[in-house]
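**Q** First, the structure itself, so that you have it in front of you.
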Amino acid sequence: MPVEGKGDKPTNIIINGTPTKFDEDLIFYKQLVELAFPNSADAVYTVTYSGPQIPDGTLTEGQSLKIRNGVKFVVNKTNRS
């Protein structure tokens with residue numbers, strides 16, 4: 001479903017190697033975790049990203065990123081020792 005003001009085309013992103021269409025301009029840490037691990041238990045995840053025309057980086061809980069077509073996200077469960 002298109003988001004008002006965004007146009008009618010979703011943004012194509014890649015999450016853990018899986019192409020995904022996303023309908024918003026911003027994506028939040030929590031949304032990435034839910035897309036990568038549906039029905040996940042309360043755990044800590046590491047979210048990194050790389051892509052065209054943006055520097056590589058990391059998202060933490062509560063943070064968001066303005067996305068572009070082709071941005072790649074890697075979401076991994078973090079082990080605590």
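**Q** Looking only at residues in region 31-65 that are among the β-branched types (V, I, T) and assigned to a strand (DSSP E or B), which one is farthest from I15 (Cα to Cα)?
**A** Let us first name the residues in region 31-65 that are among the β-branched types (V, I, T), namely 33, 44, 46-48, 54, 58, 60.
From what is left, the residues that are assigned to a strand (DSSP E or B) are 46-48, 54, 58.
Working: T46: 13, V47: 10, T48: 10, I54: 16, T58: 14 Å.
Residue satisfying both the conditions and the ranking: I54.
**Q** Also, I was wondering about something else. Evaluate the following for V47: is it at pLDDT 95 or above, touching a Leu at 6+ places or on another chain (Cβ under 8 Å) and among the hydrophobic types (A, V, I, L, M, F, W, C)?
**A** Values: at pLDDT 95 or above: yes; touching a Leu at 6+ places or on another chain (Cβ under 8 Å): yes; among the hydrophobic types (A, V, I, L, M, F, W, C): yes.
Considered against the rule, which asks whether it is at pLDDT 95 or above, touching a Leu at 6+ places or on another chain (Cβ under 8 Å) and among the hydrophobic types (A, V, I, L, M, F, W, C), V47 comes out as yes.
**Q** Taking only pairs six or more apart or across chains, which ones have beta-carbon atoms under 9 Å, a first residue in region 53-81 that is without any contact (Cβ under 8 Å) to a residue 12 or more places away in the chain, and a second residue that is surrounded by 13 or more Cβ atoms within 10 Å (Cβ to Cβ) and not basic (K, R)?
**A** As it stands, the answer is D56/T48; D56/Y49; D56/S50; G57/T48; G57/Y49; G57/S50; G57/L65, since those pairs meet every condition given.
**Q** A follow-up question, please. Looking at region 50-69 only, could you name the residues that are open to solvent by less than 50 Å² (accessible area, probe 1.4 Å) and either modelled with pLDDT under 95 or among the aromatic types (F, W, Y) (or both)?
**A** G51, I54, I67
**Q** Check region 9-26 and report whether any residue there is assigned to a loop (DSSP other than H, G, I, E, B), exposed (fewer than 12 other Cβ atoms within 10 Å of the Cβ) and at pLDDT below 95.
**A** Narrowing region 9-26 to residues assigned to a loop (DSSP other than H, G, I, E, B): 9-10, 16-17, 23-25.
Then keep just the ones that are exposed (fewer than 12 other Cβ atoms within 10 Å of the Cβ); that gives 9, 17.
Now drop any that are not at pLDDT below 95, which leaves 9.
Yes, there is a match, as at least one residue in region 9-26 is assigned to a loop (DSSP other than H, G, I, E, B), exposed (fewer than 12 other Cβ atoms within 10 Å of the Cβ) and at pLDDT below 95.
The values are calculated or read from the model by the stated rules, or taken from the named source; none is laboratory data. Here the structure is a predicted model, which is why all the values come from computation and not from measurement. Every residue, glycine as well, gets a Cβ built from its backbone with ideal geometry; the counts of neighbours run over all protein chains shown. Surface accessibility is based on the protein's heavy atoms, side chains included, excluding ligands, DNA and RNA. Shrake-Rupley method; radii C 1.70, N 1.55, O 1.52, S 1.80 Å.
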